[in-house]
Structure formats: structure tokens, C-alpha cells
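Every number here is computed from the coordinates shown, using simple stated rules; none is lab data. Please read these numbers as outputs of a predicted model, since none were measured by experiment. In this analysis, Cβ positions are derived from the backbone assuming ideal geometry, glycine residues included, and neighbour counts consider all displayed protein chains.
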Amino acid sequence: MSNSVFKIAALAGDGIGPEVMREAIKVLRAVEKKFALRFDITEAPVGWAGIDAAGKALPDATLALCKLSDCILFGSVGLPDRDPSIPKEERPERAALLRLRKEFGLFANLRPVRLPKELAHACPLSKERQGDGIDMLVVRELTGGMYFGQPKKTEDIGNGHLRAIDTMVYTTPEIERIAHVAFKAAQLRRKKVCSIDKANVLENGVLWRDVVTKVSKQYPDVALDHMFVDNGAMQLMLRPTQFDVMLCENMFGDILSDEAAALAGSLGMLPSASLGATSGEQTFGFYEPAGGTAPDIAGKNLANPIAQILSTALMLRYSFKQNAAADAIDAAVSKAIANGLRTGDIYSTADPTAKKVGTREMGDAIAAAL
């Protein structure tokens, strides 16, 4: 695939999205030169940028571009000050983000959580709880569960009262396919999967546990543990180093992956990959930083671009099978951090070697390290 032209739809979105996307593209251009790869990167509006440009959060032209591309590199969408001004169904998170997940069958979300030793100060846990280092992967099912189950509605039940209904639904095939993703990922790591459920009170949890256990028989080299979600949330704070791959359904994964993200010191350090079906050698993927639009710092050269840049490494790894290029980006980020460069979210005056830099300077340093 090294002779291919990789078509990337770059959807920067709102807030700090355009700034961090600029740095990610800068790094990809450096990768092109180093590895003789070719990226056809086309930018398009989404979120409030899409509403302003074309009247809706996911413009028809943007969706068409995505369908013609090999993958989507995404920034972030949503502006809290503006979101209440339109119906909730038209807001960017629902009308753009959830629709793209459904449109491309992006059923598996992978969020690696790593704490570089140089950023131990940024982790809210004590050094003792950090152990020899935090390095885990949250695998979250992304297209089922309560976020997509039907019926989903708010209804009038009389006497001025409303009732809101969300339905949690999973089928055996949906659980099987995400379980396979988790076990295969574990085979490339420390060979441990912890499956999260609520089997003591939820029918969904009972089925989830049964199906994951059956799938595990196909991976005898991977150890499987089960944990209730409330205990899982507590264990992430008490002993995060016990986790290798954490397998979660949609809502539990949404919550726990953000909790785990705090262990890396900043959401600005956390990339993610949302994967669909594999066709031939390529897997269609959607790659985005874990953080939000942060409109309070937008346009001020303050945002941390590392999560967006590390998302490009995941893109190269999972969609394009360019592992050497992905490793080079990871190494370049590590080098910038080891050299003391820090955006405001990971800066500490307690570290005399740290140098506070802006979004652009961090991107320049990572591109140069390639």
C-alpha cells in the first residue's frame, strides 16, 4: 500500500478544532517526506462551521467527501453558547458526530491512555498509584446500547408531567464483533482483557458477560476478567495499572474512557480511533482527539495539539497499515515531551526543565522531530 494515495477527509469543526487540525496536517506533511507516502487531504466544514456554511451540522458536500475518502480525520464540534439556539436533533453532536458513526458503521472505539513519566505531575493520582506507568486501551462499542436503542423519546403523561425514555439494546452479533476487537488488541499488548458490565441488575449485562466469555474461548492466550462498572470506575482510581484492555458497552465506555483519560494528565494528550468494517487491506476509520472544542481558548495558540497529532498515528496504523510511520509520530511526540515542551494544560512550574509553548510551537517541534 506504500504506493497508494491515501484520501483523507479533514473535518476540523469548531473551537480549537481548526488550530489542532492545522498542526496534525503539518505533521502528516512531514511524514510524507520521510516515508515517501502521499496524502490527499481535503478539508470540509462540520459542526457549527457546517451550519454557518451550509445550514446544517453535516453538510451534504461534507458527507459526500467522507464517502469518497479512505478515512476521516476529525477535530471537534459543538459550541455551548450556540447549541441551545437550535433543536437538539440539529445540534452538532447528534446531527454530525452520531450520524457519521451510524453512516459508516463505526462500531469500535479505541482510546489508548498512556502517562509519560515526564508528565507524572499532571496525573491526579499519587506516584504510588501510578506504579511503573499507566498504559491501557479502552475498547468501547459505539453503535448500540442506550445511545441508539429505540424507543427514544420524551412523552406527556398528563398532569403537567413528562416521561423520558431511552432504551438499552444489544444483540449477540454486536457484542461478538466488539469482543473480537478487544481480544485481538490484547494479543498485541499484555494479553489481558477486563470486560465491564452490570450483570447483577441489567439483562444487557447478563448477555454481554455470556457472549464475551464465549468469544474468549477463541483466544486462549488472553486472560479475561469481568468487572461491574461501578467497581471498574473505582479501580481506575485505586489501581489503574491492573488494566491492559478494558472492554465496555457504549454508555459505560463513554464514561470510563473519559475517567481514564484524566489519568494521562490532560484530554489534550488523548487520541481515539473509531473503526468500521475492514475491506481488503483497509479499515475505514474516524480519528479524533478525546477532548472538546474548548471555545474559551480557541484562536489563542493555547490548545494542546498532541491528541490530534496522535490521532493521525492511529489513522496510519489502523486504516493504512503504515506502522513505521505511526511509530515515528509516537516517537516524535515522546521526544517533544522529553525535551520539556509543554502546552499550558500539561505545564508545571515545579518542573524547572519545562518550557511552556503554544499550539503552533508544539506542532513545529513534533514535525521537526520526524
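Ignoring solvent entirely, what values of log10 I(q)/I(0) come out of the Debye formula for the chain at 0.06, 0.15 Å⁻¹ when each Cα is a single scatterer?
-0.22, -1.45
If the viscosity is 0.692 mPa s and the temperature 37 °C, what translational diffusion coefficient in µm²/s does Stokes-Einstein give for the range 301-370 when Rh comes from Kirkwood over Cα pairs?
265 µm²/s
Separation between the ALA64 and ILE165 pseudo-spin-labels, each 7 Å from Cα along Cα→Cβ, expressed in nm?
Each label point lies 7 Å from its Cα, and together they span 3.9 nm.
Lys and Arg at +1, Asp and Glu at -1: add these up for the other residues within a Cβ distance under 14 Å of PRO84 and post the number. Intermediate results must be reported in sequence, preceding the final value.
Working: positive: ARG82, LYS88, ARG91, ARG94; negative: ASP81, ASP83, GLU89, GLU90, GLU93.
Net charge around PRO84: -1.
If you count, for each residue, the other Cβ atoms within 10 Å and average over each peptide, how do 303-316, 320-333, 264-277, 347-360 line up from highest to lowest?
So the peptides 303-316, 320-333, 264-277, 347-360, ranked by packing, come out 303-316, 264-277, 320-333, 347-360.
Kindly rank 143-156, 171-184, 206-219 from highest to lowest mean number of other beta carbons found within 10 Å of each residue.
On the way: 143-156: 14.2, 171-184: 18.3, 206-219: 16.7.
Result, highest mean Cβ count within 10 Å first: 171-184, 206-219, 143-156.
Mind checking which lysines have their C-alpha under 28 Å from LYS26, skipping anything on the same chain fewer than 8 residues away?
Filter leaves LYS7, LYS34, LYS67, LYS117, LYS300, LYS321, LYS335, LYS355, LYS356.
Bin by bin, in steps of 5 Å, what percent of the Cα pairs in the range 1-117 do you find, going until the bin that has the longest distance?
P(r) for the range 1-117, in whole percents per bin: 2, 11, 19, 20, 19, 14, 8, 4, 2, 0.
Of ASN339, ASN200, ASN301, which is the most mobile in a GNM of the chain whose springs link Cα atoms less than 10 angstrom apart?
With Cα springs under 10 Å in the chain, the top fluctuation among ASN339, ASN200, ASN301 is at ASN200.
What whole-number distance in Å separates the alpha-carbon centres of the range 324-362 and the range 6-43?
For the range 324-362 versus the range 6-43, the Cα centre distance is 19 Å.
Hey, in the GNM for the chain with a 10 angstrom Cα cutoff, which one of ILE72, ILE157, ILE86 fluctuates hardest?
Checking each option, the largest mean-square fluctuation is seen for ILE157.
Report the extension gain between ARG360 and ASP225 in nm, rounded to one decimal, defined as 0.36 nm multiplied by the number of residues separating them, less their alpha carbon distance. Mind dumping the intermediate values first?
On the way: separation 135, 0.36 × 135 = 48.60 nm, distance 4.30 nm.
Difference between extended and current length: 44.3 nm.
Given 0.36 nm per residue, what is the gain on full extension from THR241 to SER85 after removing their alpha carbon distance, in nm?
Computed gain between THR241 and SER85 is 51.8 nm.
Stretch GLN187-LYS217 to full length: gain in nm at 0.36 nm per residue minus the Cα-Cα span?
Values: separation 30, 0.36 × 30 = 10.80 nm, distance 1.36 nm.
In short, 9.4 nm is gained.
Based on C-alpha coordinates, I'd like the Rg and Dmax of the range 54-149, in Å.
Values for the range 54-149 (Cα only, Rg and Dmax): 18.1, 52 Å.
Report Rg(Cα)/(2.2 N^0.38 Å) for the range 66-219, keeping two decimals.
1.31
Highest first, please rank the peptides 291-298, 161-168 by the mean number of other Cβ atoms sitting within 10 Å of their residues.
Output ranking for 291-298, 161-168: 291-298, 161-168.
Excluding residues on the same chain fewer than 8 positions from LYS191, give the aspartates and glutamates whose Cα lies under 12 Å from its Cα.
Leaving aside aspartates and glutamates fewer than 8 places away in the same chain, those within reach of LYS191 are ASP221, ASP225, ASP244.
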